[in-house]
Amino acid sequence: MVDESEQSDSDRGLQRNVDDYIRDVHPPPAEVLELEFVYEALAHPRRRYVCYSLLSSTRWSLTELATKLAAWEQDIPEEDVAGFTRDEMYVSLYHAHIPKLVELDIVQYETGGEEIVVADTNAPQVLAALEGAGASIDALQETHARSDYE
């Protein structure tokens, strides 16, 4: 480690600029999530897809997500997704993946007339991790999830 007295003024100025930038533009989260938590949330491609979708809109009906995900998995346009296929995806999301994301406080599940998925407390940190790794793990999935909204 370099003694502070050995650092030049320009080095200290650069570090101050970096620190200011991080504080002003990208403040650290109040609580940093453990990597295992993030890995657990993003372990399944369907949960990653739901998270990618949250990057373009923080509020989705479960039917919309089921249709988008079924279309992506079959590599077909959303309007070509069969009702049975959408219903199977809906059940998968409803019983397995959305509850896991709710348990991890990444999404909230609102019921009423239609089930709605909304970003929750841990969503920003998980989305930041996903966005940072996205290009190397799921580029096609991310592109499809965001395609309707860019």
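The values are calculated or read from the model by the stated rules, or taken from the named source; none is laboratory data. Remember, it's a predicted structure, so these values are computed and weren't measured experimentally. Here the Cβ positions follow ideal geometry from the backbone for every residue, glycine too, while neighbour counts run over all protein chains shown.
Quick rundown of the values:
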{"read-out": "Selection from segment 99-147 of residues that are at pLDDT 80 or above, in contact with a Phe, Trp or Tyr (Cβ under 6 Å, 6 or more places away or on another chain) and surrounded by 15 or more Cβ atoms within 10 Å (Cβ to Cβ)", "value": "V117"}
{"read-out": "Given (1) at pLDDT 90 or above; (2) β-branched (V, I, T); (3) part of a helix (DSSP H, G or I), index of the condition I76 fails", "value": "(3)"}
{"read-out": "Filter result for A71 (assigned to a helix (DSSP H, G or I), of a type in the set (G, A, S) and under 18 Å from H95 (Cβ atoms))", "value": "no"}
